[in-house]
Amino acid sequence: MEEVFRFYLHSKTILFHKGLSLKQSTVDDPKSGYGLFVSPSKFSNEELDNETVQLLRIPKRCTFNINTLLTILGDENEFSSLEQFQRTGDKIKTTLREIMTYPKFSRFLTETNLLILYFMIFETIHDSYEIPGSIEYYLKNVLMSIEVESAVDSIENLAKDYGHYPQIFGLQEISGLFKDLFQEYLDASVIKHLYSAIISRCLEIPEKSDTGDYEFSVHSTLVPILDFANHENSQKNAYFDVDPSSNDVLLLLNTDTIRGKSSKPREVFISYMPTEDLLPMLNTYGFIPDFKESPQFWTISFDRGFLRDYIGLDLNADLRLFYKWLRINPVISLVKYEHDDQIRWFINDTTKELSSLLLPFIPPLDKAKNARWVYDSACHLTFTKMHCLVNPETNEHATLVAENYHSLIEEVELNGDDFIDLPPLAWSLHYKDAESGCLRQRHTDCEEATSILQHEQEQDTTKTKLRFVSFFRDFLKYRKARIAMPSSNSCIARLLFEQEKEIINDLAAAIDNKSTIFFSDLKTALSAEPNKFPPLRFHNEHTESNKNKDELVPYFKDPSSYNPDRFTDFFQDEMNQYAAFFRDG
Ligand SMILES: C[S@@+](CC[C@H](N)C(=O)[O-])C[C@H]1O[C@@H](n2cnc3c(N)ncnc32)[C@H](O)[C@@H]1O
């Protein structure tokens, strides 16, 4: 890699500070590879008087993002002849046109994926077609030559144990897409290598727009040489920025990190992720940073099968169906934190999403006499009733309408999606009316339920959390057994399993020893927030469980004899609320 450094240094396209060099990283992790270094003695006193000093200036035309690639490929001067320029251009156009016809392609259209797609095309055609020199050099000597491993390398096996993590599931889908598109031309290992090399080196680089005064857009970009800077939040001494006058990318060193220090070379560190969310870091960069002083996060995604089979709650249907109908993301944030000289994992109950996850754990009303939530296994008849009232002309075919709703609901309940895209008319909430104190029941969505129950949630927080902790302890036991025999022994899988075991052991011990489990009980402010939760998983081609057909409610029950008042005191309100759905349907 030193040769690559020398190549760019001598090419004079990129401006280097004379104190900058490339060496093996000082980070004690076999994944750390090469890193950038500065020699403090090479900085003048004048430079050290400033807050920052420029280590690299990389002109926009030397970087690779979707816009710069189009500019390079559209420039005839980048090719040896007009004929070569046209030949390559035509080949790329036809290849892209074919790829666009791939049925699932639009689902994966992100800037990073397009960038990967272009480089895969370059790798496929570079033996027979001319590729502009700057692209070919970077592809051959950087992307294809570096050592890299990300979760995509062992994704098929990882997905067996972690497929319920949306990030792993998503990676499996995208890796399947690139495999489908390029397996005829490239080895599976090359496809994975190129994918990992690009995602681990891409940076979100701002670019000043030509139009607005201070308008910037951000692009997923590969930046030669800057992409050798390693991540270390606790020793971060540099950052990248853009020169708004030229859109050149700059690497800037904070001079206080070298001022008055020994003349020994120091590694340059930037931050890939200011708040360390460990699964995305492992997925993208293939390593998990050591815990220093800042909190680290992990978002647990509950196994959908565990939710389906869990019997510890007094629900008359499974927890998976509850979360699906109410569109609740079955995930919970955890935080690794140092408290009383102990570093361990806590449940991060500072997120607003937790109240939705806890909805099914709110204790029953009146000492268990009244279930809090009731599932209506004949809810297709509520759908039918509303449908026929909104569309009176369908009344005479009510049985047929019921039959249709029955099959639709059966399908959406059993598919692999995390949510059901229908009005939430399957679960009925039982609650005490805040004003009258009377018992009421109604169908609600998650927001409505959270707001209705806010008062009770506050009163019953301790009981609700206790019920959740009991569920969570069972979940930890289930996961411990589940990952006892990992289905992959790749390096990434080992890191992932070790990390999950650490989490399970910490939290199981805390629960068993009655130590603090919830972060809020530490009575201290959390200095960082976790990243946004991963999206709900969408996997409707897959059937999750095969319920015994005998268990299913027959659809032929006479719709006219069905009385929805058994489940709601607000039938008319609900019908008005969802009328548009039934009218459209
Ligand atoms: C943008 S590249 C940085 C240059 C890279 N070290 C190389 O040799 O090409 C990102 C990769 O560097 C490694 N890396 C960066 N920071 C690291 C750290 N703190 N610990 C371990 N590996 C790190 C990971 O392999 C990551 O995927």
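The values are calculated or read from the model by the stated rules, or taken from the named source; none is laboratory data. The structure displayed is predicted, hence computed values, not measured ones. When we count neighbours, we look across all protein chains shown, and the Cβ atoms used for this are built from the backbone with ideal geometry, even at glycine.
Evaluate the following for F79: is it within 16 Å of the ligand (Cβ to nearest atom) and among the aromatic types (F, W, Y)? Explain how you work it out, then say what you get.
Working: within 16 Å of the ligand (Cβ to nearest atom): no; among the aromatic types (F, W, Y): yes.
Spelling it out, it is not the case that F79 is within 16 Å of the ligand (Cβ to nearest atom) and among the aromatic types (F, W, Y).
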Residue in region 142-153 that is surrounded by the most Cβ atoms within 10 Å (Cβ to Cβ), counting only those that are more than 10 Å from the ligand (Cβ to nearest atom) and farther than 22 Å from I66 by Cβ
A151
Expected single match for away from the ligand (no atom under 16 Å from the Cβ), under 19 Å from the mean Cα position of the chain (by Cα) and part of a helix (DSSP H, G or I) among L177, L181 is L177
Read through the list (1) in contact with a strand residue (DSSP E or B) (Cβ under 6 Å, 6 or more places away or on another chain); (2) surrounded by fewer than 16 Cβ atoms within 10 Å (Cβ to Cβ); (3) over 21 Å from Y137 (Cβ atoms), then give the number of the only condition that V53 fails.
(2)
Residues (over 14 Å from W298 (Cβ atoms) and part of a helix (DSSP H, G or I)) located in region 477-500:
K477, Y478, K480, A481, R482, C491, I492, A493, R494
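If I ask for residues that are among the small types (G, A, S), touching a residue at least 40 places away in the same chain (Cβ under 8 Å) and more than 9 Å from the ligand (Cβ to nearest atom), which ones from region 5-51 would you list? If you could, list the steps in order and put the result at the bottom.
Of the residues in region 5-51, the ones among the small types (G, A, S) are 11, 19, 21, 25, 32-33, 35, 39, 41, 44.
Keeping just the survivors that are touching a residue at least 40 places away in the same chain (Cβ under 8 Å) gives 21, 25, 32-33, 35, 39, 41.
Matches in region 5-51: S21, S39, S41.
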Given (1) assigned to a strand (DSSP E or B); (2) in contact (Cβ under 8 Å) with a residue 60 or more places away in the chain; (3) surrounded by fewer than 16 Cβ atoms within 10 Å (Cβ to Cβ), E207 misses just (3)
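For F291, are the conditions met, namely being under 28 Å from K192 (Cβ atoms), in a loop (DSSP other than H, G, I, E, B), touching a residue at least 24 places away in the same chain (Cβ under 8 Å) and not assigned by TED's automatic domain parsing to the domain that holds S32? Steps first, please.
Values: under 28 Å from K192 (Cβ atoms): no; in a loop (DSSP other than H, G, I, E, B): yes; touching a residue at least 24 places away in the same chain (Cβ under 8 Å): yes; not assigned by TED's automatic domain parsing to the domain that holds S32: yes.
Answer is no for this residue.
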Report whether or not I288 is hydrophobic (A, V, I, L, M, F, W, C), within 16 Å of the ligand (Cβ to nearest atom) and either more than 13 Å from the chain's Cα centre (by Cα) or on the phi < 0 side of the Ramachandran plot (or both).
yes
When you look at L279, is it surrounded by 20 or more Cβ atoms within 10 Å (Cβ to Cβ), within 15 Å of the ligand (Cβ to nearest atom), part of a strand (DSSP E or B) and not β-branched (V, I, T), yes or no?
no
Does region 372-386 contain at least one residue that is of a type in the set (A, V, I, L, M, F, W, C) and in a loop (DSSP other than H, G, I, E, B)?
yes
